[in-house]
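Just so it is clear, none of the values below were taken in a lab; they were calculated from the coordinates. Predicted model, so just to flag it, every value in this text is computed and none were measured. Positions of Cβ are generated from backbone atoms using ideal geometry, with glycine treated the same way; all protein chains shown enter the neighbour counts.
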Amino acid sequence: MKLNIDGLLVCFPYDYIYPEQYSYMLELKRTLDAKGHGVLEMPSGTGKTISLLSLIVAYQKAYPLEVTKLIYCSRTVPEIEKVVEELKKLMDYYTKQTEAKNDFLALALSSRKNLCIHPEVSSLRFGKEVDGKCHSLTASYIRAQHHCNPSQPVCQFYEEFDAVGRQVLIPPGIYNLNDLKDFGRRKGWCPYFLARSSILHANIVVYSYNYLLDPKIADLVSKELAKKSVVVFDEAHNIDNVCIDSMSVNITRRTLDRCQTNVETLQNTISRIKETDAAKLQEEYRRLVEGLTEANVARETDMYLSNPVLPDEILQEAVPGSIRTAEHFVGFMKRFLEYLKARLRIHHVVQESTPQFLKDIYEKVCIDRKPLRFCAERLRSLLRTLEIADIADFSAITLISHFATLVSTYNKGFTIIIEPFEDRTPTIANPVLHFSCMDPSIAIKPVFGRFQSVIITSGTLSPLDIYPRILDFRPVTVASFTMTLARTCLCPLIVGRGNDQVAMTSKFETREDFAVIRNYGNLLLEMSAIVPDGIVAFFTSYIYMENIVASWYEQGILENIQRNKLIFIETQDAAETSMALMLNKNKISANGVRNIILIKCKRLFISFSFQPPVHHYGRAVIVFGVPYVYTQSRILKARLEYLRDQFQIRENDFLTFDAMRHAAQCVGRAIRGKTDYGLMIFADKRYARADKRGKLPRWIQEHLTDGSLNLTIDETVQLGKHFLRQMAQPFRQEDQLGLSLLTLEQLQSEDMLQKIAQIAQA
Amino acid sequence: MDDQGCPRCKTTKYRNPSLKLMVNVCGHTLCESCVEMLFVRGSGNCVQCNTPLRKSHFRVQLFEDPAIDKEVEIRKKVLKIYNKRELDFSTLKEYNDYLEQVEDIVFNLTNNIDVERTKQIMEQYQRDNKDIIQRNKAKLTREQEELEELLLQEQQNSEQKRLETLQEEQRQLQTKRKNKQALLDELESSRLPAAVLLAQHKDRAVQLETQIETQKQNVKPANIFSTGIMMGQTVSFASVSRVEEVLYVYQPLCIDAYGPPVPELDQLGRLGYLNHVCTASPQDQAGGYTSGLACHRAIQDAFSGLFPS
């Protein structure tokens, strides 16, 4: 289908289009025209990805000078693959329509672990090991050694790429990770470095958030991307947490111990080299004296670490004299390490700001701020000079040096919290130093400053105004799109009371209440009897889930539920869970039974990429309790305080916002598309309050009537039964046509365009 | 940490949690009780390296590695002498060289390399730079000044915030009390039925609540000092670098009046110019007036421009 979006010809690879997709594209076009940033919310399952891709690709084709590149950031590898898949469909459609040869280059980029084709290296299990091994085969000095001594092993794929592939442009096309690997195998080139060098001239790059947000990686990979790029953050509902994580450092006693061995290794290597090859150290020293920064040539493969965002004028400056020679630097690291050890030996919690920390460190061990700032850079230089092949071992000291650089660079937005033990186990000493970033805008600032337009989009971004505030940017478009439906296929219900009229809530004071637990159990039991397919039940935390499931077992509720459905309980180990689920799936399909209850914890959901692959897995979603974060955490408290002072966001607002976005993510799983249908049950009376309800996405709020606010279990069962019976009637595509699914002619009609104009709401 | 122990009596932290390890200038450890025992007389030799030590120099060991304790001790001593600041150097490179030199001295002293020679160098330096050392004693480095400033800022901020919340709370309490009092007064004096008054009161209370809520919501961003300086801005108090320029030298003014030379002020009386000028009265003289001034000016006026140019 060819669409006319505000004067732009857009090829859309499907015959039908949802009205909200059209509206979404309109808004997106406006954002691109204005060269500004945008925040767009559209329900899951309404084809966000394809709308984004088709519009931006069309825009790129129409105005190749205005938008040179699309950088599409997603969260996980499967999501990246899915995006590339959609892109392939789109490009196929283009070639079919224009019958011209495709001149677009799009590729996915992931870590070495996912892209390596070296037989030995790729067999390693952990990403860190792969990186370390790869480095030991491709570092510049290793290759130099290989020249004089051919028995030194190198990676032939990289050699080949460096010799031939660097000059040759990769032929246009769409490459997902496997395509890249195949291409690499055919040519004998390393796919990882091929992809990294190709992103500079690719039209579309698909990779994960970290390549842009984590300053350590971004500096390496995304430094040279053109300014006229469009950056899309998909599934961006917790982008602030990603930003914060990328700038935070946690240091435990074990890190320090490992760092200690690192320092000793360094010291030994230095003394050895001093005997055999003093000239090398001398050379490094000379370079540092002259203040030469690293030559960019060797940078690509020698990625020990690059600088966390340091101001440029400091980078240009020479390394301070006190850490110029190798021995002095090692001594400096030792002092810093011992200082940290001493700090970790406390018996009470300490919270301090970075200036306080710097002052203390000067008083205790006479370390100035300036050498601390250069710590990361200096360590990098030293490791290079010492030609230490396996960098994986040096992760501890690298982390410490990062910490040193960060702590001395930023005065604001960070806090240092030293906890001698975990709150849950006050008797076991397990000291941790949290260097916690409280301001997500620090990490994302370069992105907003650098690129022409940045689009933040997800299924659940409500309330929309909070994202620009916490990320500190000015969007030109802020819009939320509802789902146009031919039938009300979602049914959100708020259950506030049990049949015995006892309030159901996971409020801290009453969560262990016997009646509450029993009522929760009854709710699940009743629902398992009426819902024909799978149910997904979410709890607020693992501990709570374990408690409740245990007491359900004692009360015999679990047994009763099992009469209706299989039960599957998620564990804390994500790998174990997905494995168990896979096995279970086979079992289910073998028996032809589709009845399963998944019981999961919402907090781990973020890292857990399970999405019900088939509609009927999540016919009903029950959220037990309001998923607040653990509010006693000191890091959280510090962050809340910071938010209040800097952004005027009140603690309670942020907590509710955070809880509700998680709840929305949970119930969002119920609907995978417009033909799907599902019950969304919020089992806590607090959901009925206006401040909570108002923070749900608009497309859920719309269907939340006053009549479904404070139900008992009985009423819920009644409403649910009614809903499910209605939805189970046959539903064909023709029913949707003209209402929630449009052909080109329908789209062009006058009143439909009017209707579409109402969909977007800022 | 638990396996740290005294090398002499072999007690460890694990067996005696209250064990206190001490360290002296040589960088070897002893536990507190051993120190008490061995150094009863105030001085003695180190058990491990036989260096003569004083009891008063024993410090509580802060770090796990006693070598670090020793180094820090030495470093503090060295830094007292080598206290030049970045501003004392003309280029950054010189400063860096100086820093490295300091580092070398500390390194040598800690690792017992060339101790005698290093000490000599230090003494030499101390003699050469006496006045600089004295001058810099009280001065902080620029970075430390910045840090101090930040800390001060933080303190002020938190203090201000505390006061604000306190005031806010007090104000709320007061309004509530006033509201209650108003209700009592009304009940006492008004003729309306009590139910109506109560309802009114309730309305008012709700209004008050919402008002407080909204007030809470628009907290004023505090980012400007009363002086108008932004709080984020760092004001450096480092002295301005000296500008070398040629000083201004006064040159007497030389005016060509195109006329005969005017006699000097003090010569007017001698030359007889003042004979026919009215003399200054005592009142005029009090203000500094002399008759010569007016006369001199009049002569200047008369003489100028007499010759053709």
> Going through region B:70-120, which chymotrypsin sites (Phe, Trp or Tyr not before Pro) have at most 16 other Cβ atoms within 10 Å and a DSSP loop state?
Replying inline: B:PHE89
>> Could you tell me how far the Cα centroid of region A:618-637 sits from the Cα centroid of region B:150-185, in Å?
In response: 33 Å
> Any idea which of A:GLN632, A:TYR141, A:HIS237 is furthest toward the positive side of the dipole for chain A, if Lys and Arg beta-carbons carry +1 and Asp and Glu beta-carbons -1?
Replying inline: A:TYR141
> For the pair B:ARG297 and A:GLU734, how long in nm is the line joining their label points, each one 7 Å along Cα→Cβ?
Replying inline: 11.5 nm
> So how strong a dipole does region B:13-111 carry about its Cα centre when Lys and Arg Cβ are +1 and Asp and Glu Cβ are -1, to the nearest 20 debye?
Replying inline: 600 debye
> Using alpha-carbon pairs under 8 Å, 6+ residues apart, how would you state the relative contact order of region B:13-111 in percent?
Replying inline: 24 percent
>> Could you check the spin-label model distance between A:GLN501 and A:THR631? Points 7 Å from the Cα along Cα→Cβ, value in nm.
In response: 2.9 nm
> Rounded to the nearest 20 Debye, what is the dipole magnitude of region A:41-128 about its Cα centre when Lys and Arg each give +1 and Asp and Glu each give -1 at the C-beta?
Replying inline: 300 debye
>> Based on alpha-carbon centroids, what's the gap between region A:120-195 and region A:225-248 in Å, whole number please?
In response: 28 Å
> If you place +1 on the Cβ of every Lys and Arg, -1 on the Cβ of every Asp and Glu, and leave all else neutral, what size is the dipole of the protein assembly as shown about its Cα centre, to the nearest 20 Debye?
Replying inline: 1880 debye
> Which listed residue (B:LEU92, B:VAL102, B:ASN50) has the Cα farthest towards the positive end of the charge dipole for region B:13-111, taking +1 on Lys and Arg C-beta and -1 on Asp and Glu C-beta about the Cα centre?
Replying inline: B:ASN50
>> Please compare each pair in B:LYS84/B:LYS119; A:LYS69/A:LYS101; A:LYS113/A:LYS187; A:LYS61/A:LYS755; A:LYS96/A:LYS755 to a cut-off of 26 Å on the Cα-Cα distance and tell me which ones are over it.
In response: A:LYS61/A:LYS755; A:LYS96/A:LYS755
> Toward the positive end of the charge dipole of chain B, about the Cα centre and with charges on Cβ (Lys, Arg +1; Asp, Glu -1), which of B:VAL246, B:GLN181, B:VAL72 goes farthest?
Replying inline: B:GLN181
> What is the helix-to-structure angle for A:278-290, meaning the angle in degrees between its Cα long axis and the longest Cα principal axis of chain A, kept from 0 to 90 and rounded to the nearest 10?
Replying inline: 70 degrees
> What percent does the relative contact order of chain A come to when contacts are Cα pairs within less than 8 Å and at least six residues apart?
Replying inline: 18 percent
> Karplus couplings for region A:98-114 from phi (6.51 cos²θ - 1.76 cosθ + 1.60, θ = phi - 60°), rounded to Hz, Gly and Pro as x?
Replying inline: 8, 6, 9, 6, 6, 10, 9, 10, 10, 8, 9, 10, 9, 6, 4, 4, 8
>> Whole-Hz ³J(HN,Hα) for each residue in region B:103-113, computed from phi via Karplus 6.51 cos²θ - 1.76 cosθ + 1.60 with θ = phi - 60°, x for glycine and proline: what do you get?
In response: 4, 4, 4, 4, 4, 5, 5, 5, 9, 6, 9
> At what distance in angstrom do the alpha carbon centres of region A:675-726 and region B:40-105 lie from each other?
Replying inline: 70 Å
> Can you work out the FRET efficiency for the pair B:ALA182 and A:ASP691, with r the C-beta to C-beta distance and R0 = 45 Å, to the nearest 0.05?
Replying inline: 0.90
>> With only alpha-carbon atoms in the gyration tensor, what are the semi-axes of the equivalent ellipsoid for the protein assembly as shown, in Å, largest first?
In response: 62, 44, 38
>> Nearest 500 deg cm²/dmol is fine: what mean residue ellipticity at 222 nm does chain B get from its DSSP H runs of n ≥ 4 alone, each adding -39,500 (n - 2.57), divided by its residue count?
In response: -16500 deg cm²/dmol
> Mean residue ellipticity at 222 nm from the helices of chain A, using -39,500 (n - 2.57) per DSSP H segment of n ≥ 4 over the full residue count, to the nearest 500 deg cm²/dmol?
Replying inline: -15000 deg cm²/dmol
> How far apart, in nm, are two points set 7 Å out from the Cα along the Cα-to-Cβ line at A:GLN718 and at A:SER140?
Replying inline: 7.7 nm
>> Under the rule of at least 5 residues apart or a separate chain, name every residue whose amide H is placed under 5 Å from the amide H of B:ALA280.
In response: B:SER291
> Which ³J(HN,Hα) values in Hz, rounded to whole numbers, follow from the phi angles of region B:192-197 under the Karplus curve 6.51 cos²θ - 1.76 cosθ + 1.60, where θ = phi - 60° and Gly and Pro get x?
Replying inline: 5, x, 4, 4, 4, 4
> Of the beta bridges DSSP finds with both residues in the protein assembly as shown, what % are antiparallel, to the nearest 5?
Replying inline: 35 percent
> If Lys and Arg each add +1 and Asp and Glu each add -1, what is the summed charge of the other residues whose beta carbon sits under 11 Å from the beta carbon of A:ALA688?
Replying inline: +3
>> If I fit a long axis through the Cα atoms of helix A:634-647 and take the longest principal axis of the Cα atoms of chain A, what angle between them do I get, 0 to 90°, rounded to 10?
In response: 80 degrees
